[in-house]
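Below: the structure, in structure tokens.
The values are calculated or read from the model by the stated rules, or taken from the named source; none is laboratory data. Computed from a predicted structure; not experimentally measured. Note: ideal-geometry Cβ built from the backbone for every residue, glycine included; neighbour counts use all protein chains shown. Only protein heavy atoms, including side chains, enter the accessible area calculation; ligands, DNA and RNA are left aside. Shrake-Rupley method; radii C 1.70, N 1.55, O 1.52, S 1.80 Å.
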Amino acid sequence: MDWSALAQAWIDHEEPIERAHSPIKDELLKRAALQPGEKVLDLGCGSGALTLDAAARVGPQGSVIALDIADNFVARVEHRARNVPHISPVQGDAQDFSFSDVKCDAVISLFGTMFFSDPQVAFTNIGNSLYEGGRIAFVTWAGPQHNPWFSVPGKALADALPEMPKPDPSAPGPMAFANVEMVTDLLSKTGFADVAAEEIDTHLTPIGAAADITAMMLAIGPFRGAVSQFAKLGEEGSAMDSIAKGMTEGYGAFAGEQDVRVPARVIFYTATR
């Protein structure tokens with residue numbers, strides 16, 4: 001996966017994405033229960049919305065390490081946190097990052113844990129960042145049947161590119177941690193205790209109409225790569241048009257008088273070390 005390209009596209013659409021994720025971020029912070037003076041690790045920090053809120057909760061006597069694999073995200077957090085000295089942006093992959101000099105009270109993550117090639121290795125390593133008794137709180141997506149945010153473009157792709165194989169739901173990606181039993185078992189096997197999971201129904205309310213959401217999703221998703229690989233020669237343009245039309249119609253089904261409210265289901269996982 002080209003994390004640099006993905007990160008830049010995300011940053012270009014930072015405002016609507018962060019608005020869509022905002023209520024989920026707030027719920028995650030409630031479960032993390034960060035306290036003044038604590039040391040926190042934000043895994044897969046993205047453009048830094050969760051990092052900044054966590055830093056406000058732990059205060060200047062605490063600290064937040066913002067870890068992400070993408071240089072562009074790390075640079076973005078450095079810029080946003082330029083006046084927040086207790087935030088430390090760091091580039092690295094949590095699956096193999098050396099946490100020998102890092103000990104935290106809490107690990108948090110907003111949709112940043114579902115992309116590891118080997119989750120068992122990753123969570124074993126992440127556990128090394130925590131003090132004994134430290135805690136982890138992260139949120140992932142439930143299955144696509146509960147998340148039109150993903151199923152709408154998935155259907156549009158399938159309709160426009162019938163030769164494209166169906167994605168493996170267990171492969172690294174947004175849906176990889178939708179199986180609650182698998183994830184709770186993973187946490188137990190990698191040294192965590194008091195493992196719990198809670199599924200919550202909510203809505204994503206980004207800025208703009210259905211066509212704006214479509215344009216954003218086309219920019220941040222792997223649509224052009226799929227079209228170049230699976231569209232018939234000479235039909236790439238019409239395939240993209242079909243995908244865009246299907247997505248706009250799909251998201252339009254959730255349009256209200258004021259905005260588009262896309263139903264969503266997420267899973268909050270918590271555990272202690």
Report summary line: Among residues of segment 120-150 being aliphatic (A, V, I, L, M) and in a helix (DSSP H, G or I), the residue farthest from the chain's Cα centre (by Cα) is V121
Query raised in the report: With (1) within 16 Å of A271 (Cα to Cα); (2) open to solvent by 70 Å² or more (accessible area, probe 1.4 Å) as the list, and L130 as the residue in question, which single condition is left unmet?
Result: (2)
Query - Hey, P167 within 16 Å of the chain's Cα centre (by Cα), open to solvent by 60 Å² or more (accessible area, probe 1.4 Å) and without any contact (Cβ under 8 Å) to a residue 24 or more places away in the chain or not - result: no
Requested in this report: Return yes or no: is V77 of a type outside the set (F, W, Y), touching a strand residue (DSSP E or B) at 6+ places or on another chain (Cβ under 7 Å) and not in a helix (DSSP H, G or I)?
Outcome: no
Report task. Select, from D159, D185, the only residue that is surrounded by fewer than 22 Cβ atoms within 10 Å (Cβ to Cβ), free of Cβ contacts under 8 Å to residues at least 60 places away in the same chain and not in a strand (DSSP E or B). Result -> D185
Report summary line: Looking across segment 191-235 at residues that are over 24 Å from D259 (Cβ atoms) and of a type in the set (D, E, K, R), the single one that is most open to solvent (accessible area, probe 1.4 Å) is R224
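Are there helices (runs of 4 or more DSSP H) fully within segment 1-63 with at least 3 residues that are within 23 Å of A197 (Cα to Cα) and open to solvent by 60 Å² or more (accessible area, probe 1.4 Å)? List them.
Working: elements: 3-12, 14-32, 49-58.
Hits in segment 1-63: 14-32.
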**Report entry** Pairs, first within 15 Å of M164 (Cα to Cα) in segment 229-243, second of a type in the set (D, E) and open to solvent by 60 Å² or more (accessible area, probe 1.4 Å), C-beta under 6 Å, six or more apart
**Finding:** F230/E163
Query raised in the report: (1) hydroxyl-bearing (S, T, Y); (2) in contact with a Lys or Arg (Cβ under 9 Å, 6 or more places away or on another chain); (3) more than 30 Å from A106 (Cα to Cα): which one isn't true of T270, the others all being true?
Result: (3)
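Check segment 107-116 and report whether any residue there is open to solvent by 10 Å² or more (accessible area, probe 1.4 Å), over 23 Å from I17 (Cα atoms) and either in contact with a Ser or Thr (Cβ under 6 Å, 6 or more places away or on another chain) or in a strand (DSSP E or B) (or both). Even if it seems obvious, please write down each step before you answer.
Just the residues of segment 107-116 that are open to solvent by 10 Å² or more (accessible area, probe 1.4 Å), to begin with: 110-112, 115-116.
Then drop every residue that is not over 23 Å from I17 (Cα atoms), which leaves none.
Looking through segment 107-116, none of the residues is open to solvent by 10 Å² or more (accessible area, probe 1.4 Å), over 23 Å from I17 (Cα atoms) and either in contact with a Ser or Thr (Cβ under 6 Å, 6 or more places away or on another chain) or in a strand (DSSP E or B) (or both).
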